[in-house]
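Asker: The following block contains the structure, expressed as structure tokens.
The values are calculated or read from the model by the stated rules, or taken from the named source; none is laboratory data. Quick caveat, the model's predicted, so the values are computed rather than measured. Note: ideal-geometry Cβ built from the backbone for every residue, glycine included; neighbour counts use all protein chains shown. Side chains are part of the model used for accessible areas, which takes the heavy atoms of the whole protein and leaves out ligands, DNA and RNA. Shrake-Rupley method; radii C 1.70, N 1.55, O 1.52, S 1.80 Å.
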Amino acid sequence: MATAANKPPAGKQSQQGFVYLPLIAGWLIPGAGHFLQRKWIRGALLFVCIVAMFILGLAMQGKLYTSAQDILEMLGVVGDLGGGLLYFISRIMGLGGEPVRTTVADYGTKFIVVAGLLNIIAAVDAHNLRTGRKAS
């Protein structure tokens, strides 16, 4: 006999499947975690915003962090890796490898880092939606 302590809450559905799929997909491709959950508008807005910020950062000749000599560069690497496939494709194509020489390029570097951090937040949001910690 199930007691009240053993029963799942009435509002939560039992989770089936791999609950980390929206987190991983959302990290690799911006908005994909929300697309998997049929949140089309939210996923599309995240995709457009994150990709636009990343491309604008590269267009401003922003730098992609590749290694970390100090703590600030380490944080830059984490932010850039948050971009998922955008970061890896840009590295393969050789984009963002030049040192920053202008103020605009420094802003571009920040655009790239913020795009990656926003993508991490969006992926965690998709995971929270999947696990039921957040209502849609």
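Asker: Does residue 88 satisfy the criteria of being part of a helix (DSSP H, G or I), open to solvent by 80 Å² or more (accessible area, probe 1.4 Å) and closer than 22 Å to residue 47 by Cβ?
Answerer: In short, yes.
Asker: Quick check, is residue 59 on the phi < 0 side of the Ramachandran plot and under 16 Å from the mean Cα position of the chain (by Cα)?
Answerer: So residue 59 fails the test.
Asker: From the list 105, 68, 135, 123, pick out the single residue that is of a type in the set (A, V, I, L, M) and either modelled with pLDDT of 95 or more or in contact with a Cys (Cβ under 8 Å, 6 or more places away or on another chain) (or both).
Answerer: 123
Asker: Moving to a separate point now. Return only the number of the condition from (1) surrounded by 15 or more Cβ atoms within 10 Å (Cβ to Cβ); (2) touching a residue at least 60 places away in the same chain (Cβ under 8 Å); (3) under 17 Å from residue 131 (Cβ atoms); (4) not aliphatic (A, V, I, L, M) that residue 20 does not satisfy.
Answerer: Looking at each condition in turn, residue 20 falls short on (1).
Asker: Restricting attention to segment 38-85, which residues are crowded, with 18+ Cβ neighbours inside 10 Å and outside any helix (DSSP H, G or I)?
Answerer: 39, 60, 61, 62, 63, 64, 65, 82, 83, 84 - these are the residues of segment 38-85 that are crowded, with 18+ Cβ neighbours inside 10 Å and outside any helix (DSSP H, G or I).
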